[in-house]
1. Counting only C-alpha contacts under 8 Å and six or more residues apart, can you give the relative contact order of segment 184-285 as a whole percent?
2. With charges only on Cβ, +1 for K and R and -1 for D and E, what is the dipole size of the chain about its Cα centre, in debye, rounded to 20?
3. Over segment 164-240, what is the relative contact order in percent, taking alpha-carbon pairs closer than 8 angstrom and at least six residues apart?
4. Over the alpha carbons of the chain, what is the largest minus smallest coordinate on each principal axis, giving the biggest first in Å?
5. Using the Karplus curve 6.51 cos²θ - 1.76 cosθ + 1.60 with θ = phi - 60°, what ³J(HN,Hα) values do you get for each residue of segment 50-59, in whole Hz, with x for Gly and Pro?
6. Determine the per residue accessible area of segment 194-234 with all protein chains present and a 1.4 angstrom probe, expressed in square angstrom.
7. Return the whole-Å distance between the Cα centroid of segment 287-318 and the Cα centroid of segment 42-93.
8. Within segment 8-83, what whole-number % of the accessible surface is contributed by carbon and sulfur, with the 1.4 Å probe and all protein chains included in the calculation?
Amino acid sequence: MANFRITPHALSHKLKLHQLQIFERVLARRSLSRAASELHLTQPTVTRAIHDLEAFFGATLFDRSNRGVAPTELALVLGRRVHAMMAEIRYMADDIDAVLGGTSGHVVVGTLIAASAKLLPEAIARLMSEHPGIQVTVREGPTAQLLPALATGDLDIVVGRLPGTDMASISGVAVDHHKLYREELCLVARAGHPLAGERQVALADLTDCIWILPAPSSPLRASIERIFFDAGLRLPVRHMESLSLLTNIGVLMHSEALALMPYDAAAQFLSMGLLARLPTDAFGAFGDVGYSVRADRPLTPACQRLVEYLKRSAAQRETAR
């Protein structure tokens with residue numbers, strides 16, 4: 001490790017922004033070559049930047065192997081700070097653009113399956129149509145992954161099923177959750193599935209079926225497990241775990257599998273006749289759908305515009321129902 005004290009003066013005078021940008025990509029991708037490709041740089045340029053940082057700190061940031069690079073403890077600590085710094089630079093750029101009257105900006109959105117099929121695509125389409133200078137980056141994942149990313153500044157907003165009231169603070173950062181509407185669940189299978197023609201399907205009739213279940217960390221998974229448990233039934237043994245909407249649709253269409261989906265996620269496939277909704281009242285509401293943002297910082301102009309379109313799409317959805 002370095003035998004000198006790292007001071008704010010040394011950091012501000014010796015570290016360069018482009019080095020930190022390169023470091024962040026290497027840390028995220030665990031690969032020098034993939035980071036170079038994303039940044040449109042040569043691999044020697046990326047390698048040199050990492051070497052310069054290691055020389056400054058007097059310590060190794062990444063352990064190299066033929067499978068890529070693995071971050072050291074120092075890299076993980078530095079990474080948390082660099083993530084926050086890069087987020088602040090994005091916020092600063094958007095704020096300056098707003099003052100200068102521009103229409104550019106960048107919003108990074110985390111999304112869950114509840115919003116990825118209809119609500120968020122509609123809002124993004126309107127945003128990009130009316131504000132073509134705004135760049136949008138979408139990252140899909142489970143709540144357990146997206147909310148911490150919101151807290152660190154990697155995401156500007158998370159759109160989807162809202163978590164419980166116990167998630168008002170993430171990693172010590174206050175988070176505001178805004179409800180847009182309440183969503184229902186529907187049990188779906190491929191069109192022509194043997195159960196699709198039944199008048200009513202009981203939960204006990206479904207335990208031997210193949211199921212597509214959310215990941216164990218998903219709040220919906222906990223709800224499904226509780227429903228089976230309360231009915232005195234075991235969770236279906238034959239199941240796969242997936243949060244990928246397209247993968248789930250593909251599996252449903254080519255098998256006898258069943259899946260619980262938010263209605264909006266299934267609606268377009270139901271209307272096209274690709275899926276069938278099974279008649280059952282065993283499952284209740286999916287929950288509240290909306291967006292989550294950090295409570296301790298104002299939204300960037302680009303994110304504010306996205307929120308406006310989210311609200312508009314949600315209002316039109318409720319009117320149409």
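1. Details: 159 pairs, mean separation 53.7, N = 102.
Averaging sequence separation for qualifying contacts and normalising by length gives 53 percent for segment 184-285.
2. So the magnitude is around 600 debye.
3. Taking the mean separation of contacting Cα pairs over the length of segment 164-240, I get 25 percent.
4. 74, 48, 36
5. Taking θ as phi minus 60°, the curve returns 5, 4, 5, 5, 5, 5, 5, 7, x, 7 Hz for segment 50-59.
6. That works out to 56 Å² per residue.
7. Spelled out, the Cα-based centre of one part sits 33 Å from the other.
8. Values: 2390 of 4500 Å².
Carbon and sulfur atoms account for 53 percent of the accessible area of segment 8-83.
The values are calculated or read from the model by the stated rules, or taken from the named source; none is laboratory data. Keep in mind the model is a prediction, meaning the values are calculated, not measured. Because the Cβ atoms are built from the backbone with ideal geometry, glycine has one as well, and the counts that use them run over all protein chains shown. Keep in mind that these areas ignore ligands, DNA and RNA; they rest on the heavy atoms of the full protein, side chains included. Shrake-Rupley method; radii C 1.70, N 1.55, O 1.52, S 1.80 Å.
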